[in-house]
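These notes concern the structure reproduced below.
The values are calculated or read from the model by the stated rules, or taken from the named source; none is laboratory data. Note that the coordinates shown come from a computational prediction; the quantities given were computed from them, not determined experimentally. In this analysis, Cβ positions are derived from the backbone assuming ideal geometry, glycine residues included, and neighbour counts consider all displayed protein chains. All accessible areas refer to the heavy atoms of the entire protein, side chains included, with ligands and DNA or RNA removed. Shrake-Rupley method; radii C 1.70, N 1.55, O 1.52, S 1.80 Å.
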Amino acid sequence: MENYSSSGAHDEIKSFIEVCATAIASLIYCYFISFNLSKGTTRLISLTPVIILFTLLPLKLNTITLIGIIGSFHLITIMKLALFAFGHQPLQSNPPIPLTLFICIAYLPIKINHMENQEDPSKIQSENKENIANQEQPSRKALHPVLNLIQKIIFQALLWIIYQVKQHMHPKIMLAYYCAYAYVTGELIMAMASALAWALLGLELEPHFNKPYMATSLQDFWGKRWNLVMPNALRSVVYKPLKKRVSSRTAFGAMLPTVVAVMGTFVVSGLAHETVPYYFARMRPSWEITGFFVLQGLGVTVEIAVKKVLLMKRITWRMNRLVSGVLVLGFVMVSAMWLFFPPILRCNVVARLEREVGAVVEFLNCSLNMLTRH
């Protein structure tokens with residue numbers, strides 16, 4: 001969106017509502033039609049139009065922030081639908097889960113308590129709501145989604161205050177500010193969804209990040225700390241099936257299934273992220289982003305190989321956590337500056353984010369002025 005006038009903002013909000021409504025309608029189709037088809041090829045064929053639709057829907061949006069949020073949501077949804085096609089969780093359940101729960105799990109990065117124990121999600125939902133209702137004094141854990149929402153609102157308010165003095169800040173500092181704005185805005189929307197899911201359904205949204213700056217290896221960074229929703233989905237859709245299908249009885253030994261699964265997962269992740277420049281500015285893939293993820297996959301593979309060799313030789317030496325942390329973050333940041341960010345920056349992201357932030361701040365200022373007058 002090049003012109004962030006009030007009419008332009010209105011059109012964008014309208015498009016956002018249309019995208020969400022279309023997505024929900026499509027998931028209702030999946031629930032009532034695809035659920036009743038036999039799992040496998042038949043169900044996959046019935047889901048194919050929905051998967052294509054979810055791929056195209058972000059093209060209706062123009063703002064960087066909404067494209068990033070909806071694009072990431074839809075990518076996770078596509079992976080969940082792929083699992084659903086072959087009768088796997090989290091959408092598959094016997095008996096079927098309620099429609100509202102199906103939509104929430106499909107469209108949001110939902111984490112159901114004890115899902116890993118293969119319990120019935122509908123029963124878990126009921127138990128969670130009963131526990132919340134029966135608690136006279138909600139526990140600290142139960143309040144977490146609300147506290148998280150308050151925290152994100154405070155962060156957003158701080159960014160709003162900082163923007164008031166942007167004319168006194170260096171352009172490079174403002175570049176970091178716009179990145180922080182995009183991140184905090186996404187986290188704020190996730191926090192709002194988390195609080196709503198907790199209040200209405202007794203569900204908990206998966207956290208997106210787990211202190212990535214504390215990572216001590218690439219495995220730790222990509223598997224347990226950075227954008228946790230994506231690794232969890234890729235682990236079920238790509239990693240496990242690949243590892244199961246590749247034979248370990250080869251000249252390469254028992255490591256081959258792991259290596260193939262790791263590299264396949266990073267390649268798929270790279271191809272998925274190649275859609276970002278196209279969503280932002282209709283730019284054709286340059287394959288630089290895929291190259292970035294392939295490089296990360298190679299790094300993880302080397303780590304696995306080194307750890308296996310050390311284990312076989314019964315060597316217990318470990319690198320200092322501070323040193324390994326600096327090396328990991330340095331590797332990720334340098335390779336990202338080399339391969340990941342250039343195609344995204346070519347989409348004029350900085351200038352567009354600046355206009356988006358300006359429009360949001362102007363709206364907040366106008367709203368605050370109207371409230372003070374009354």
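Miscellaneous remarks
- A Cβ distance below 8 Å, combined with a sequence gap of six or more or placement on separate chains, defines the contacts here; from the range 224-241, residues that are over 22 Å from GLY68 (Cα atoms) reach residues that are open to solvent by less than 40 Å² (accessible area, probe 1.4 Å) and not β-branched (Val, Ile, Thr) in the pairs SER236/MET79; SER236/LEU83; VAL238/ALA261; VAL238/GLY264; TYR239/ALA261; TYR239/GLY264; LYS240/ALA261.
Yes/no per residue for (1) at pLDDT 75 or above; (2) on the phi > 0 side of the Ramachandran plot; (3) touching a strand residue (DSSP E or B) at 6+ places or on another chain (Cβ under 8 Å):
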residue	(1), (2), (3)
SER139	no, no, no
PRO145	no, no, yes
LEU149	yes, no, no
VAL165	yes, no, no
PRO171	no, no, no
ALA195	yes, no, no
GLY202	no, yes, no
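- If you go through the range 207-223 and pick out every residue that is assigned to a loop (DSSP other than H, G, I, E, B), open to solvent by less than 40 Å² (accessible area, probe 1.4 Å) and out of contact with any Gly (no Cβ under 7 Å at 6 or more places or on another chain), you end up with 2.
- Scanning the range 31-51 for residues that are aliphatic (A, V, I, L, M) and within 20 Å of HIS273 (Cβ to Cβ) turns up at least one hit.
- Selection status of MET337, surrounded by fewer than 14 Cβ atoms within 10 Å (Cβ to Cβ) and modelled with pLDDT of 80 or more: yes
- Residue among LEU56, LEU66, LEU99, LEU108 that is at pLDDT 80 or above, surrounded by fewer than 17 Cβ atoms within 10 Å (Cβ to Cβ) and under 30 Å from VAL276 (Cβ atoms): LEU56
- Of the candidates THR77, THR100, THR55, the single residue that is within 13 Å of ILE24 (Cβ to Cβ), more than 13 Å from the chain's Cα centre (by Cα), in a helix (DSSP H, G or I) and not hydrophobic (A, V, I, L, M, F, W, C) is THR100.
- Of all residues in the range 319-327, none are in contact (Cβ under 8 Å) with a residue 60 or more places away in the chain, of a type in the set (Val, Ile, Thr) and open to solvent by less than 80 Å² (accessible area, probe 1.4 Å).
- If the condition is being buried (at least 21 other Cβ atoms within 10 Å of the Cβ) and over 22 Å from ILE78 (Cα atoms), then the range 260-296 contributes PHE292, GLN296.
- When ILE17, ILE33, ILE24 are checked against the criterion of being open to solvent by 60 Å² or more (accessible area, probe 1.4 Å), touching a helix residue (DSSP H, G or I) at 6+ places or on another chain (Cβ under 9 Å), more than 28 Å from SER269 (Cβ to Cβ) and β-branched (Val, Ile, Thr), a single residue qualifies: ILE33.
- Within the range 260-281, being more than 14 Å from GLY71 (Cα to Cα), touching a Leu at 6+ places or on another chain (Cβ under 8 Å), touching a residue at least 24 places away in the same chain (Cβ under 8 Å) and hydrophobic (A, V, I, L, M, F, W, C) holds for MET263, VAL268.
- Residue that is farthest from VAL332 (Cα to Cα), among those in the range 275-296 that are touching a helix residue (DSSP H, G or I) at 6+ places or on another chain (Cβ under 6 Å) and of a type in the set (Gly, Ala, Ser): SER286
- Single condition CYS366 does not satisfy, out of (1) over 18 Å from PRO212 (Cβ atoms); (2) part of a helix (DSSP H, G or I); (3) within 27 Å of the chain's Cα centre (by Cα); (4) of a type in the set (A, V, I, L, M, F, W, C): (3)
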